[in-house]
Amino acid sequence: MLGRHLRRLRHNPGLLILTQSMPVTMLLFFGYVFGSALAMPGEDYRAFLVPGLLVATAANGIMTGMFQAAQDTHRSVTDRLRTLPISRAAVPLGQALADLVVTAAGTVPFLLVGLAVGWRIEGSALRAAGAVGLLLLFRFATTWIGIHLGLLSRSEEAAGQLGGATFLLPLLSNAYIPTDGLPGWLRTLAEWNPISAVATAMRELFGNAPAPVDGAWPVVHPVAGSLAWCGVLIVVFLPLAVRRYAEGEG
């Protein structure tokens, strides 16, 4: 199933190029347009932005997972796969792992562009490896949300529209801007967003910025908060997606 999903991406190079080039485009756009307008004492905005954009891109696992699952469901591919004598978890797990492989490959050019625009790994290699591992774990978790929602969707168009709405999630977090200046209720909402916990953990592990000393628990303890969020998302949505796949559309 993993090979099937990877071959599927190979036969759709346009989508693959778009998903891989979009984060780099956003880095250059946000870094040089917003970077010239945002003043962050003691901190370079592009160094702040790179980990945030990595996490925002990982959160797109919801959108890609949803669209691919909906496409397979409404083109009857899922029905044919369901007749095979394999585990009910094999198909959605293959999709999630293929997405993880593509995400890992796409992270490399993004980091190289990040280095080119001034971002640096200030911590140890071990902590940087931990940051990348945490990023991939978060992508794995969000992909299961997408697979579940895609299997529930009534059409490919509905999945595409709902997936596009997930673009708002990073805007309600600290992926692009610090949350310090937000109104109280909005800051609380943003800091309990899982994206904020993972972005803060990435900045801490890469050595770009320490975790804040005040705020919501997931951003004050970002590594523990990120692991907790990923664990909750996987424990909830992986069984739901597998059960939905096993039940079929009816």
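The values are calculated or read from the model by the stated rules, or taken from the named source; none is laboratory data. What you are looking at is a predicted structure, and each value in this text was computed from that prediction instead of being measured. All Cβ positions, even for glycine, are placed from backbone atoms using ideal geometry, and neighbour counts span all protein chains on display. In case anyone asks, the SASA skips ligands and DNA or RNA and just uses the protein heavy atoms, side chains included. Shrake-Rupley method; radii C 1.70, N 1.55, O 1.52, S 1.80 Å.
In this simple spin-label approximation, Ala104 and Met22 carry label points 7 Å from Cα along the Cα→Cβ vector, and these lie 2.3 nm apart. Measuring nothing but how far apart in sequence close Cα pairs (under 8 Å, 6+ apart) lie, relative to its length, the chain scores a relative contact order of 27 percent. Using the Karplus relation 6.51 cos²θ - 1.76 cosθ + 1.60 with θ = phi - 60°, the per-residue 3J(HN,Hα) values for region 134-143 come to 5, 4, 5, 4, 5, 4, 4, 5, 5, 4 Hz, with x marking Gly and Pro. Per residue, the solvent-accessible area of the chain (1.4 Å probe, heavy atoms of protein chains only, all protein chains present) comes to 47 Å².
Derived value for the chain: Kirkwood hydrodynamic radius 18.6 Å. Basis is the mean of 1/r over every pair of different alpha-carbon atoms. About the centre of its Cα atoms, region 150-250 shows a dipole size close to 100 debye [charges on the beta carbon of Lys, Arg (+1) and Asp, Glu (-1) only; nearest 20 debye]. Atom-type composition of the exposed protein surface of the chain places 69 percent of the accessible area on carbon and sulfur (1.4 angstrom probe). When the chain is treated as a Gaussian network with alpha carbon springs shorter than 10 Å, the biggest mean-square fluctuation among Phe34, Phe138, Phe48 belongs to Phe34. Ranking Ser155, Leu171, Val117 by how far each Cα lies toward the positive end of the dipole of region 32-171 (charges on Cβ) leaves Ser155 at the top.
Based on alpha-carbon centroids, what's the gap between region 195-250 and region 58-103 in Å, whole number please? Their Cα centres are 21 Å away from one another. For the chain, a Gaussian network of Cα nodes joined below 10 Å ranks Leu205, Leu168, Leu97 by mean-square fluctuation, and the top entry is Leu168.
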